[in-house]
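Comments concern the structure below.
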Amino acid sequence: MTKENYRKERIDRCIKARSDDIYAISSKNEIFYLLFPRVIPITALAILALILPLYWQKVIISACIFAMLAVSWDFLSSCGMLSLGQALFFGIGSYIAGILNHYLHLPFYITIPFATIFGGLFSTLLLLPVVRLRGIYFAMVTLILPLMLMRGIEATRIFGGNEGITGLSPFPNIWVELIIIITAMWVTLFALRRFISSDYGLIFVSIRDNDRATMASGINIYAFKAQALFIGSCICAFCGAFMTHSYMFTGIPVFTMEFSILPIAASAIGGIGSLAGPLLGAFVLVPLSEILREFGTLRVVFYGLVLVICVVALPEGIFHYLSRKYNEMERWVKIE
Amino acid sequence: MLKVENLMVFYENALAINELSIHIEEGEIVGIIGSNSAGKTTLVNTLSGLLLDTQLKEKRKGGERITIFGKITFLGKDITDLWPDERVKMGIVLSRERHPVFVESDVEENLKIAAYITTKREMKENIGFVYKVFPSLVPLRKRKAGFLSGGEQQMLAIGMSLMAKPRLLLLDEPLLGLSPSIQVKLIESIVQIRKDANVTILICEQFARPVLPIIDRGYVLENGMLTLEGTGKELYNNPEIKAAYFGV
Amino acid sequence: MFVYGLINSAVLALMAIGFNLTFGISGVANFAYGAIYVVSGFLTWSLINKLNIPYPLSALSTIIIIGILGALIYRFIIKRIRGLVISEVIATFGISIVILEFLRYVGFIGFKYSLPMFVSGSVEILGAYVDIQRLLIIGFVILLIIALYIFTHHTKIGRAFRGIAQEEHTSLSLGINPDWIASLSMGLGSSLGAFAAIVILPLGTITVDGGYDVLINALSVCIVGGLGSTFGIIIASVIIGYAQTLTATYLAPHWTMIVSLFAILVILVFKPSGILGHQKELEERV
Amino acid sequence: MAILEIRNLTKSFGGIKAVDDVSVDVLENTLLGIIGPNGSGKTTFVNMITGFIRPDKGSVRFKGKELIGLTPYKITNMGIGRAFQMVKPFFHLPAFKNIIVPLSSDRVKATKGGGFGDKDAIALDILEEVGFERDSSVPYKTASVLPHGYLKRLELARLIALKAEVLILDELFSGLSIAEVTSIVPIIEKLLVEGKTIIMIEHRLKELFRIADNVIVFNFGKKIKEGKPKEILEDEEVKKAYLGVEV
């Protein structure tokens, strides 16, 4: 096969209608084809959660949390809002849950939903003046706000100041924790995927594609951006509230860069724009960082190294690569 | 001077240019006539090497796979795999469509940036030459290119390619979106450039009417295939061309 | 008061110029900039104290070595992911983590790591005692800005820089090799980072965490000033510099960060593309 | 009756007056052509009417309501749609989904046009109207791979989907072949029959003058002439400034 006469051709797998709609599926083969990539990870995760020791169960929980943060980041970015501050939403949710639990002694099944809704609302209101910023300027604001809140809490010493709020009420047991977070993660992923391919979700994508044309289509893009912001921040706020109860603690560490950077790194590795990619990325990165703990202080160095290698080796992301391999066949064809 | 043999370009599975063979002789003005998406832009991008850059970028992010077959020779040298900057050094300079200029620099600076591959003395001479060809740029010397009108930007864009001392000048849709009076002016300048600077010129255009009278030979492209070729006059009098491109 | 604000602004501007140069030209947001800054400090320190090379010589060689390092980073890592903004940011941030955390692991922590002043002593200006080193910084910033202006407007490579910054494809079709220019710009940006480090670090100690702070400072100054605009950077650093100094004097030092961040927010709300950002009208006019 | 009253619009960029004190009345159900050399301020003029650029001074009244100061989406929802000169489709979406975005606007919702669920069908109908072959794969292709001619049609389709009363077409014909232009002209004529008002900026004079009711000529940001196509063609000043040669 020399270069002169052959080229690689790509063809979609022979499937009659590749569609998310249930009506389009007609044969067993096709059902299997569509379900296979969805069912496998769900069952795999469920089984892992059942059989692994407590330590690794905790790792799964934290992976789920980062996965949700990453999915939310990807959702925001596919609505044209590049966020560098998932920590903001996360931290706000965490503090609301912490305050409600500490000062009002509310149980977790009240604080978490409350923190989710009001955390989302509060974050949206906070960012409302800047939704008209584009690209990196918006990113900058989201990067700054959590830093400001952090320093603000430090300076004013409210809500426990530097020490934070400790001794919050935990979940009854690890199983409740696992069930809540794993369900929440899958629901978030599939609901958002469905939402973004609906007629309504289409508008969010169109804003990213071209905001001026969307305006010229008679759409109030700022209202839609605010909605996207609300959805995205609700997800993060939920994670924050969950984490608060899981660790029985909230404090300024919830605003640290880790919660902003890791979701982005997960998205870059997993593949931006698919919502599932970032999830995959998070499940690569979080366990990896646990494995690297053996190296002690060198951990972060290796971690950074892996990050660089992953990004450079597979710039499009793991998920895009896998899905291409799954959905397309490649073959050499002869040019006459 | 330039010879293209059996050029084929695929964008993924779509064929953009099919079995194209053309040649350009020293000193000619050659026209490539074709409607939208006939493959004109792909052709000049292949000739100037820009397509290689696009190809690499698409490959990196896992996008469309661009495949190029065929052979391009320039002055007897195979340049098929040569990068754009090396081709410029050999003398193939492209002026891209939709008058791309450096909008935040003023006119003079645009020309100076374009003089990247020449020496300082040549730069001064060339700037003088550009101002001679396009006298209407002289009063605008200190204006930012972004504030120029479409016609002036197009003149500047051609002027910039002249700064790189081309032997073969590729013009991609120079008349696009220009008003009739400016089109006429521009066509006159192109003829003058050929005469004064001794360059070979390849024009890709869909407005056949103003272009056909000045070209020595022309090719008609349709869907990436060569459908007609002949001298400018022959094409001008061809009834099919008249029907398709003149709109009688 | 006035003088301190000015010095503070100059320090910020100095930190930002290198970052801005790389970003403005190649579009690569070099998140490893902070790491490069710190590494330069350590490199100079090692050259002086371990190899006993005289100060000026080691400073000079640091600037050159770091410049080459920056160009190499571009050549072997960023070149492969060019145009994918998020990947670029993550990759450079990864590099930054690797470098900084490695330094932390090796144990470069402590007060002994500091560079000597160029000139010690202080003078009295407007009723305040100021170290001469600090005054030198202001001088260096002014010199650097003038040098950069001449470089980008009157040399061939400098003009090519400006071309690539504006329209990469056009530059390509004019024979300018973007990868070559971009790696040059990355190298030069890193050298400027090293220069900033050598000039600023004598004022304090070299710390690993300083790297992250430098990155944040450079980033915010660049964005507030309007990306790619040198003049914007000067204005932005003056605003932020004075905001910080005023708070530190009249309020309390731990409010400094909050106020300067707040200043950035306010500017962005009223000037959505930075103080001297690109003119949006141009987009639609053509 | 004048559906759009434009008074004394002025805007300068960087010291240059892009549009200088222009007043025009656009009559209902007519086609107004705007011609002029490149850079004479036509696009800026349109940008000011549609709210993308705020004028330095002047007023635009649509059915008696002031438009200056409103955001673009509000103006669009009042019934003034515009097609961009540089096409602005949603490149990541399939062609027919591009039309669903305007179908989701408040204006279409209010007129009950967008209805329940079946936006896909409506979108496909509209695309067929502007010349997308319904039974082919063209309407389902991603906008980024569509040829230029289809993207221009997509711009037009967006305005039809919006049920705009005033359609502002900025160089709709630029970059189209003669055959494509001749196939689009009937669509525009049909819109006129339906009672729409159309403003067209064009360089393709032959086609424009055939369908236009009134023409205004811009030069250096100023309106130098206004009249019927025939008068414009014979005007000496216009010939000198713009046409240069026979049309």
Point to revise | Spatially close lysines, pair count over the stretch A:3-334: Cα under 19 Å, gap of eight or more or interchain | key: 5
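Tell me, what is the FRET efficiency for A:Ile42 and D:Met86 to the nearest 0.05, using R0 = 41 angstrom and their Cβ-Cβ distance as r? Write down the numbers at each step before the final one.
Working: r = 45 Å, r/R0 = 1.10.
Taking R0 as 41 Å, the efficiency between A:Ile42 and D:Met86 is 0.35.
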Revision key, fill the gap. Quick numbers on the stretch B:30-155, Rg and Dmax over C-alpha atoms in Å, give 17.0, 47
Practice item. Just tell me the longest site-free run in chain D, where the sites are trypsin sites (Lys or Arg not before Pro) in a DSSP loop having at most 13 other beta-carbon atoms within 10 Å. Key: D:135-247
**Study point:** Per-selection metrics, the stretch D:20-154 (Cα): Rg and Dmax in Å
**Key:** 17.0, 50
Check your understanding: 222 nm [θ] for the protein assembly as shown, helices only, -39500 (n - 2.57) per DSSP H run of 4+, per residue, to 500?
Key -> -18000 deg cm²/dmol
Check your understanding: Which value in nm describes the separation of the simple spin-label points at A:Glu9 and A:Phe32, placed 7 Å from the Cα toward the beta carbon?
Key -> 2.7 nm
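Across all directions of projection, what mean area in square nanometres is found for the Cα convex hull of the stretch A:86-173?
Details: hull surface 26.2 nm².
That works out to 6.5 nm².
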Practice item. Counting other Cβ atoms within 10 Å, keep those with at most 14, restrict to DSSP loop, and tell me which GluC sites (Glu not before Pro) in the stretch D:138-247 are left. Key: D:Glu194, D:Glu246
**Study point:** Relative contact order (%) - criterion: Cα under 8 Å, at least six apart; region: the stretch B:123-248
**Key:** 19 percent
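State which stretch of chain A is the longest one without any exposed trypsin sites (Lys or Arg not before Pro), exposure meaning a DSSP loop state and at most 14 other Cβ atoms within 10 Å.
Details: sites that count: A:Lys3, A:Arg13, A:Lys16, A:Arg18, A:Arg132, A:Arg157.
After excluding every exposed loop site, the longest remaining stretch is A:158-336.
What relative contact order, as a whole-number percentage, does chain A give when Cα pairs under 8 Å and 6 or more residues apart are counted? Don't jump to the answer; show the numbers that get you there.
Details: 482 pairs, mean separation 111.6, N = 336.
Once normalised by length, the contact order is 33 percent.
Express in nm, to one decimal, how much length is gained between A:Tyr200 and A:Arg324 on full extension, taking 0.36 nm for each residue of separation and deducting their alpha carbon distance.
Numbers: separation 124, 0.36 × 124 = 44.64 nm, distance 2.68 nm.
Result for the pair: 42.0 nm of gain on full extension.
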Check your understanding: Mind checking how much accessible area D and B bury in total, 1.4 Å probe, in Å² rounded to 100?
Key -> 1700 Å²
Point to revise | Assigned charges on the beta-carbon of Lys, Arg, Asp, Glu; the protein assembly as shown dipole about Cα centre (debye) | key: 980 debye
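What is the gain in length, in nm to one decimal, between A:Thr166 and A:Glu294 on full extension, counting 0.36 nm per residue of separation less the C-alpha to C-alpha distance? Don't jump to the answer; show the numbers that get you there.
Values: separation 128, 0.36 × 128 = 46.08 nm, distance 2.86 nm.
Going from the current span to full extension adds 43.2 nm.
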Check your understanding: In the protein assembly as shown, what % of DSSP beta bridges are antiparallel (nearest 5)?
Key -> 60 percent
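Might you tell me the accessible area per residue for the stretch D:2-243, computed with a 1.4 Å probe and given in Å²?
Details: 9160 Å² over 242 residues.
I get 38 Å² per residue for this part.
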Check your understanding: What Rg and what Dmax come out for the stretch C:128-248 when only alpha-carbon atoms are used, in angstroms?
Key -> 16.7, 56
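If you wrap chain A's Cα atoms in a convex hull and average its projection over all directions, what's the area in nm²? Write out the running numbers ahead of the final one.
Details: hull surface 88.0 nm².
Result: a mean projected hull area of 22.0 nm².
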Practice item. Give the angle, between 0 and 90 degrees and rounded to the nearest 10, that separates the Cα long axis of helix A:135-156 from the longest principal axis of the Cα atoms of chain A. Key: 20 degrees
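Give the value in nm², to one decimal: projected area of the alpha carbon convex hull of the protein assembly as shown, averaged over all directions.
On the way: hull surface 189.9 nm².
For the protein assembly as shown, the mean projected area of the Cα convex hull comes to 47.5 nm².
Run the numbers on chain B and let me know its relative contact order in percent, using alpha-carbon pairs under 8 Å that are six or more apart. Intermediate results must be reported in sequence, preceding the final value.
Working: 463 pairs, mean separation 67.3, N = 248.
Averaging sequence separation for qualifying contacts and normalising by length gives 27 percent for chain B.
If the chain between A:Trp56 and A:Val187 were fully stretched, how many nm would it gain, using 0.36 nm times the residue separation less the Cα-Cα distance?
Details: separation 131, 0.36 × 131 = 47.16 nm, distance 2.24 nm.
Extending this stretch completely gives an extra 44.9 nm.
How many Å² of accessible area per residue for the stretch A:3-334, probe 1.4 Å?
Numbers: 14000 Å² over 332 residues.
Value returned for the stretch A:3-334: 42 Å² of accessible area per residue.
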Point to revise | Cβ-Cβ FRET estimate between C:Ile157 and C:Ser46, R0 fixed at 30 Å, reported to 0.05 | key: 0.45
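Determine the percent antiparallel among the DSSP beta bridges restricted to the stretch D:2-243, to the nearest 5.
Numbers: 21 of 38 bridges.
If I count the DSSP bridges inside the stretch D:2-243, around 55 percent turn out antiparallel.
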Review point. What angle, in degrees between 0 and 90 and rounded to the nearest 10, separates the Cα long axis of helix A:276-291 from the longest principal axis of the Cα atoms of chain A?
Key: 60 degrees
Review point. Over 22 Å between Cα atoms, which of D:Lys152/D:Lys206; B:Lys89/B:Lys120; B:Lys77/B:Lys112 qualify?
Key: B:Lys77/B:Lys112
Practice item. May I ask for the angle, rounded to the nearest 10°, between helix A:54-78 and the longest principal axis of chain A, with both axes built from Cα atoms and the value confined to 0 to 90°? Key: 70 degrees
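Quick one: grab the alpha carbon gyration tensor of chain C, order the square roots of its eigenvalues as a ≥ b ≥ c, and give me rounded if a/c is under 1.5, else prolate or oblate depending on whether a/b is larger than b/c. Display every interim value, and only then the final one.
Working: a/c = 1.62, a/b = 1.19, b/c = 1.36.
It comes out oblate by the Cα gyration axes.
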Exercise for review: Choose one answer from A:Pro113, A:Pro263, A:Pro53: the residue with the largest mean-square fluctuation in a GNM of chain A with alpha-carbon springs under 10 Å.
Suggested key: A:Pro53
Check your understanding: If eta is 1.567 mPa s and T is 4 °C, what Stokes-Einstein diffusion coefficient results for chain D, Kirkwood Rh from Cα pairs, in µm²/s?
Key -> 70 µm²/s
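After finding the eigenvalues of the alpha carbon gyration tensor for chain B, what semi-axes result from the square roots of 5 times each, listed largest first in whole Å?
On the way: eigenvalues 149, 104, 60 Å².
Result for chain B: semi-axes of 27, 23, 17 Å.
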Review point. What share of the DSSP beta bridges in chain B is antiparallel, in percent to the nearest 5?
Key: 55 percent
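Work out, in µm²/s and without decimals, the Stokes-Einstein translational diffusion coefficient of the stretch D:1-72 at 37 °C, 0.692 mPa s, Rh from Kirkwood over C-alpha pairs.
Values: Rh = 12.5 Å.
Using the Kirkwood radius from Cα pairs, D works out to 263 µm²/s.
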Practice item. Mind pulling up the Rg/Rh value for the stretch D:167-247? Radius of gyration and Kirkwood radius, both on Cα. Key: 0.96
Check your understanding: Hey, in the GNM for chain D with a 10 angstrom Cα cutoff, which one of D:Thr43, D:Thr197, D:Thr182 fluctuates hardest?
Key -> D:Thr182
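Calculate the FRET efficiency for C:Ile142 and A:Leu121 from the Cβ-Cβ distance with a Förster distance of 41 Å, rounded to the nearest 0.05. Write out the running numbers ahead of the final one.
Details: r = 49 Å, r/R0 = 1.19.
For R0 = 41 Å, the calculated efficiency reads 0.25.
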Point to revise | Principal axis dimensions, the stretch D:89-191 - Cα atoms, whole angstrom, descending | key: 39, 29, 22
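The values are calculated or read from the model by the stated rules, or taken from the named source; none is laboratory data. This one's a predicted model, so the numbers in the text were calculated from it and none came from an experiment. No Cβ is skipped: glycine too gets one built from the backbone with ideal geometry, and neighbour counts run over all protein chains shown. To get the accessible areas, we keep the full protein, side chains included, count just its heavy atoms, and leave off ligands, DNA and RNA. Shrake-Rupley method; radii C 1.70, N 1.55, O 1.52, S 1.80 Å.
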